[in-house]
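Please treat every number below as a calculation from the coordinates, not as lab data. The structure presented is a predicted model; accordingly, all values stated were derived computationally and were not measured. Don't worry about glycine lacking a Cβ; one is built from the backbone with ideal geometry, like all the others, and counts go over all protein chains shown.
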Amino acid sequence: MKLKTKDLLTLDELTDNELSKIIDDGIKLKKQLKKGSHKPILKNKTLAMIFEKPSTRTRVSFEIGMFQLGGHALNLSSSDLQLSRGESVEDTAKTLSRYVDVIMARVYDQKILEILAKNSVVPVINGLSNSFHPCQTLADLMTIKERKKKLKGLKVAWIGDGNNVCNSLIYGCSKTGINISIATPKGFEPDKTVIKKSKKKITIVLTTDPQAAVKNADVVITDTFTSIHNRDKKREKKFLPKFQVNPSLMKKAKKNAIFLHCLPAKRGKEVTSSVIDGSQSVVWDQAENRLHSQKALLISLIHI
Ligand code: CP
Ligand code: NVA
């Protein structure tokens with residue numbers, strides 16, 4: 001499938017059908033891999049990965065994904081590039097895109113991704129910015145679909161910080177027909193533009209009451225209260241104890257609700273070990289699904 005968009009910077013670029021297809025292709029690629037069949041669909045294709053911030057899952061899943069598809073990935077810390085000595089983002093994009101077939105970047109400022117995309121002749125993928133984390137949403141939706149066998153009509157409850165992961169998830173829910181209730185402390189709500197755009201298609205409830213948010217939820221999701229770009233050391237105090245996902249909060253969701261977390265988690269803060277290690281948790285499938293869903297994304301962005 002040829003995507004309409006050249007780049008994936010927020011998730012909003014994908015049409016509803018394109019997003020559903022990537023999720024389903026991720027599920028298919030996972031099954032193929034488990035059966036032992038590796039199709040080198042991206043033979044001789046190359047991916048440049050630029051990291052301004054640390055990463056475990058994004059880095060490893062993209063690198064292994066390219067390897068499994070017959071291609072190659074380069075890990076480029078921004079501090080090792082001439083970017084660190086003042087070469088412009090524009091010139092970096094123009095140069096890199098003469099060598100590689102796709103660029104993935106994890107950055108602080110979303111604007112950097114926009115400049116990269118504007119100046120690159122090859123696709124640019126957001127591997128997390130302060131504002132969005134679209135690749136995480138692909139894996140989250142794939143994990144929900146595997147477990148619930150559908151997406152449309154489900155209810156997701158997001159508890160905690162209305163952050164980058166939450167912003168892309170809202171777009172993802174809106175494009176797949178999932179209703180979402182978001183419980184945050186006052187002042188920690190997700191992006192207003194994202195909400196405004198997304199609420200045309202689904203029900204979005206913003207609340208400061210986690211118990212109300214999880215009521216009748218099929219999926220409960222949280223993320224760390226302190227993202228990589230957050231500097232305020234007192235931030236956590238604004239979330240605890242009210243916004244912790246613990247067994248008592250999980251009991252208020254549907255009996256068969258699943259628990260998701262993009263990881264890394266701060267155990268004992270946004271989630272207790274009993275929940276993340278408990279029977280409702282699917283976080284390891286979710287982490288694994290970064291690999292499969294991103295392979296589906298790479299195949300659809302690099303038109304072959
Ligand atoms: N979930 C996620 O993006 O993890 P990393 O920060 O380890 O890449
Ligand atoms: N919200 C977190 C996600 C980490 C994968 C952060 O930005 O640090």
Of all residues in the stretch 56-66 being within 13 Å of the chain's Cα centre (by Cα) and among the polar types (S, T, N, Q), which is nearest to ligand 2 (Cβ to nearest atom)?
58
Do we have any residue at all in the stretch 264-274 that's under 21 Å from residue 163 (Cα atoms), out of contact with any helix residue (DSSP H, G or I) (no Cβ under 8 Å at 6 or more places or on another chain), in contact (Cβ under 8 Å) with a residue 40 or more places away in the chain and surrounded by 16 or more Cβ atoms within 10 Å (Cβ to Cβ)?
yes
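In this structure, does residue 285 turn out to be of a type in the set (Asp, Glu) and within 30 Å of residue 66 (Cβ to Cβ)?
yes
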Within the stretch 268-304, residues part of a helix (DSSP H, G or I), more than 17 Å from residue 102 (Cβ to Cβ) and aliphatic (A, V, I, L, M) come out as 275, 276, 283, 287
What residue, of 196, 186, 234, is closer than 24 Å to residue 9 by Cα, surrounded by fewer than 18 Cβ atoms within 10 Å (Cβ to Cβ) and either over 20 Å from the mean Cα position of the chain (by Cα) or not aliphatic (A, V, I, L, M) (or both)?
196
Looking only at helices (runs of 4 or more DSSP H) that lie completely in the stretch 53-152, which have at least 2 residues being hydrophobic (A, V, I, L, M, F, W, C) and touching a residue at least 60 places away in the same chain (Cβ under 8 Å)?
57-68, 110-119, 134-148
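Is it true that residue 112 is β-branched (Val, Ile, Thr) and in contact with a helix residue (DSSP H, G or I) (Cβ under 8 Å, 6 or more places away or on another chain)? Break it down stepwise before answering.
Details: β-branched (Val, Ile, Thr): yes; in contact with a helix residue (DSSP H, G or I) (Cβ under 8 Å, 6 or more places away or on another chain): yes.
Here the answer is yes, as residue 112 does meet what is asked.
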Since residue 170 meets every condition but one in (1) away from ligand 1 (no atom under 16 Å from the Cβ); (2) touching a Pro at 6+ places or on another chain (Cβ under 8 Å); (3) farther than 24 Å from residue 21 by Cβ, which condition does it not meet?
(3)
Which residue out of 76, 29, 11 is within 16 Å of ligand 2 (Cβ to nearest atom) and not hydroxyl-bearing (Ser, Thr, Tyr)?
11
